[in-house]
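**Student:** Take this structure, written in structure tokens, and hold onto it; I'll ask about it next.
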């Protein structure tokens with residue numbers, strides 16, 4: 001019997017040795033087993049994860065088309081979902097334009113639509129903004145807006161009509177309902193907002209998907225909850241992905257790449273190597289040369305994550321048809337005049353909101 005090397009973690013060492021000594025056929029079978037769950041086995045060489053070379057792209061090639069907002073009578077500019085003109089449905093994504101908040105704009109600028117109770121803003125202003133958004137989307141400023149306390153999880157909760165009356169929202173990153181007369185929503189300032197609607201059963205969901213929630217499959221979890229609770233069929237679902245930080249701007253570290261590679265067989269297709277396109281660097285590249293050995297200089301490509309595509313792939317994996325998924329568009333970092341961006345403002349940012357709801361009138365099918 002082969003003796004295992006000494007280690008302070010015998011179980012872990014045994015696992016490594018066992019994996020190393022497996023025949024190629026058994027490793028192939030193991031990879032096929034992982035693939036059933038959308039996973040991939042990391043291959044380690046000299047203690048580092050080996051992955052496919054990430055394709056190169058420019059920021060312009062990856063840039064998401066600019067969003068065009070609709071201006072409501074009360075001055076709020078928001079983004080409806082094209083093709084979602086269902087008579088029983090309310091849905092849309094807010095921007096920073098309109099509203100009464102003064103926390104994140106210049107002194108001589110008009111008020112803005114911060115919808116989050118941030119430490120920098122006045123609570124009364126945020127409450128007024130939420131009423132303005134409700135009026136813009138539903139036509140009535142007293143329509144309740146129900147949200148959750150987000151913490152980058154895959155937790156999803158079912159909301160009832162009395163949810164807005166809670167003293168504190170429940171902790172979750174996804175919320176769904178089949179009750180009418182109120183909006184449910186999630187707050188974003190770079191993370192990806194996703195709305196899902198069951199056209200036949202009239203059930204709606206709002207999802208907050210940052211990179212951590214995406215790795216934890218928050219979108220798939222939300223649709224799974226809709227299926228378990230109400231028997232929703234993926235073929236009846238439509239979805240909209242709202243404005244968030246685009247692949248043109250979302251540079252991430254190797255730890256994020258590793259997390260995605262550990263969970264998704266298609267992870268390599270979500271990343272691109274993007275070179276710095278600052279005008280000064282492009283015009284005067286010699287100014288930025290260093291004497292460090294090749295491969296050790298901090299100057300070079302950054303790894304960018306396409307978080308929009310990652311969540312679109314989850315919608316497809318959950319059973320939605322590709323043509324049933326709308327990407328509303330807009331990068332929060334590329335369009336600072338239209339959106340709040342947590343990364344673009346170094347943390348000093350308001351919050352936008354993605355909302356969806358069922359109108360309070362009309363019979364259910």
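The values are calculated or read from the model by the stated rules, or taken from the named source; none is laboratory data. Values in this document were obtained by computation on a predicted structure and should not be read as measured data. Cβ atoms come from the backbone with ideal geometry, glycine included; neighbour counts cover every protein chain shown.
**Student:** Can you tell which of 259, 229 is more than 15 Å from the chain's Cα centre (by Cα), assigned to a helix (DSSP H, G or I) and more than 22 Å from residue 358 (Cβ to Cβ)?
**Tutor:** 259
**Student:** Among the residues of the range 158-167, are any crowded, with 16+ Cβ neighbours inside 10 Å, in contact (Cβ under 8 Å) with a residue 60 or more places away in the chain and assigned to a loop (DSSP other than H, G, I, E, B)?
**Tutor:** No, because not a single residue in the range 158-167 is crowded, with 16+ Cβ neighbours inside 10 Å, in contact (Cβ under 8 Å) with a residue 60 or more places away in the chain and assigned to a loop (DSSP other than H, G, I, E, B).
**Student:** Moving on. Residue 40: surrounded by 13 or more Cβ atoms within 10 Å (Cβ to Cβ) and either at pLDDT 95 or above or assigned to a loop (DSSP other than H, G, I, E, B) (or both), yes or no?
**Tutor:** Yes; evaluated as a whole, the condition is true for this residue.
**Student:** Where residues in the range 89-132 are assigned to a strand (DSSP E or B) and touching a helix residue (DSSP H, G or I) at 6+ places or on another chain (Cβ under 7 Å), which of them is farthest from residue 347 (Cα to Cα)?
**Tutor:** 90
**Student:** Looking at this structure, is residue 344 out of contact with any strand residue (DSSP E or B) (no Cβ under 8 Å at 6 or more places or on another chain), part of a loop (DSSP other than H, G, I, E, B) and either modelled with pLDDT under 90 or surrounded by 21 or more Cβ atoms within 10 Å (Cβ to Cβ) (or both)?
**Tutor:** Considered against the rule, which asks whether it is out of contact with any strand residue (DSSP E or B) (no Cβ under 8 Å at 6 or more places or on another chain), part of a loop (DSSP other than H, G, I, E, B) and either modelled with pLDDT under 90 or surrounded by 21 or more Cβ atoms within 10 Å (Cβ to Cβ) (or both), residue 344 comes out as no.
**Student:** Please find, among 327, 316, the residue that is at pLDDT 95 or above, in contact with a strand residue (DSSP E or B) (Cβ under 7 Å, 6 or more places away or on another chain) and surrounded by fewer than 23 Cβ atoms within 10 Å (Cβ to Cβ).
**Tutor:** 327
**Student:** So, one more: Within the range 222-238, does at least one residue satisfy the condition of being closer than 30 Å to residue 301 by Cα, in contact (Cβ under 8 Å) with a residue 12 or more places away in the chain and touching a strand residue (DSSP E or B) at 6+ places or on another chain (Cβ under 6 Å)?
**Tutor:** No, there is no match, as no residue in the range 222-238 is closer than 30 Å to residue 301 by Cα, in contact (Cβ under 8 Å) with a residue 12 or more places away in the chain and touching a strand residue (DSSP E or B) at 6+ places or on another chain (Cβ under 6 Å).
**Student:** Right, next: Six or more apart or on different chains, Cβ atoms under 6 Å: show the pairs whose first residue is in the range 55-73 and more than 19 Å from residue 248 (Cα to Cα) and whose second is in a loop (DSSP other than H, G, I, E, B) and modelled with pLDDT of 85 or more.
**Tutor:** Within 6 Å, the pairs are 69/95; 70/80.
**Student:** Which pairs turn up if I take residues in the range 91-102 that are within 16 Å of residue 143 (Cβ to Cβ) and look for partners that are in a loop (DSSP other than H, G, I, E, B) with beta carbon separation below 6 Å, at least 6 apart in sequence or on another chain?
**Tutor:** Sorted first by the residue in the range 91-102, then by its partner, the pairs are 91/81; 91/84; 92/80; 94/113.
**Student:** Within the range 59-81, track down each residue that is at pLDDT below 95, assigned to a loop (DSSP other than H, G, I, E, B) and in contact with a strand residue (DSSP E or B) (Cβ under 7 Å, 6 or more places away or on another chain).
**Tutor:** Selection gives 63, 64, 67.
**Student:** Please work out which residue is nearest to the chain's Cα centre (by Cα), limiting yourself to the range 144-157 and to residues that are under 15 Å from residue 353 (Cα atoms) and in a loop (DSSP other than H, G, I, E, B).
**Tutor:** 150
**Student:** Considering only the range 225-263, state which residues are surrounded by fewer than 22 Cβ atoms within 10 Å (Cβ to Cβ) and closer than 13 Å to residue 198 by Cα.
**Tutor:** 225, 227, 229, 230, 231, 233, 234, 235, 236
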